[in-house]
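What follows is one structure encoded as structure tokens, with my remarks underneath.
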């Protein structure tokens, strides 16, 4: 906690450190893992810095070294000053995945949804290369924020997922879970489906993964493939 000088005649304003926009974190195997969208990287802190950050996030008693360490994290672009009692919050969990649309029986799909899915699959990696992860996520957040309640949401979900399933052997995306998931999320939002794009990590060894989920239903991956990952960002 730090104090900022107030105007004459007023009491000092208590300030706290909060996460800088575009930074999120989660707890995995006893460690705190961060995602910086602008830098497009995952990382952990040094042991001393991690302990200081964990005390900040827990809103617990601070140690003598915390002020200097947290100021250093602010200078590095991880934190910024915010209102008192506004401690950083870890990424919320999503519902435990229980089933996958990849295991559902095939359903008929019209050519137009398949064409739109193909365009999205081709555009997503290109946009990531040109504009970066932060721009891609911001675009999806804005798209989802404009969604209105839709009728037959589950039916729209099934048909959109089926369109992408038809392209699995045509447009290969090996080791491309992020752009593929961005493409799926984009088309689901366009169809009015309030699904979640999940970016997640695990340790020992480190790995990052991405998928789309609707309630407890995984849209574009298998349940076993996502079970061991901890969400670090959910759109």
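The values are calculated or read from the model by the stated rules, or taken from the named source; none is laboratory data. Keep in mind the model is a prediction, meaning the values are calculated, not measured. Don't worry about glycine lacking a Cβ; one is built from the backbone with ideal geometry, like all the others, and counts go over all protein chains shown.
Of note:
- Screening region 1-88 for strands (runs of 3 or more DSSP E) wholly inside it with 3 or more residues that are at pLDDT 85 or above and either buried (at least 16 other Cβ atoms within 10 Å of the Cβ) or touching a strand residue (DSSP E or B) at 6+ places or on another chain (Cβ under 9 Å) (or both) returns the ranges 23-28, 31-36, 41-43.
- Condition check for residue 151: over 18 Å from residue 100 (Cα atoms) and modelled with pLDDT under 95: yes
- Exactly one residue out of 130, 188, 140, 217 is at pLDDT 95 or above and more than 25 Å from residue 40 (Cα to Cα), and it is 217.
- Filter result (over 21 Å from residue 167 (Cβ atoms) and in contact with a strand residue (DSSP E or B) (Cβ under 7 Å, 6 or more places away or on another chain)) within region 181-197: 196
- Strands (runs of 3 or more DSSP E) fully within region 168-235 counting 1 or more residues that are under 14 Å from residue 144 (Cα atoms), in contact with a helix residue (DSSP H, G or I) (Cβ under 7 Å, 6 or more places away or on another chain) and touching a residue at least 40 places away in the same chain (Cβ under 8 Å): 196-202, 207-214
- Scanning region 141-180 for residues that are closer than 19 Å to residue 122 by Cα and touching a strand residue (DSSP E or B) at 6+ places or on another chain (Cβ under 6 Å), we see that the one that is surrounded by the fewest Cβ atoms within 10 Å (Cβ to Cβ) is 177.
- Output for region 100-133, where each listed residue is touching a helix residue (DSSP H, G or I) at 6+ places or on another chain (Cβ under 6 Å), under 14 Å from residue 166 (Cα atoms) and not in a helix (DSSP H, G or I): 107, 109
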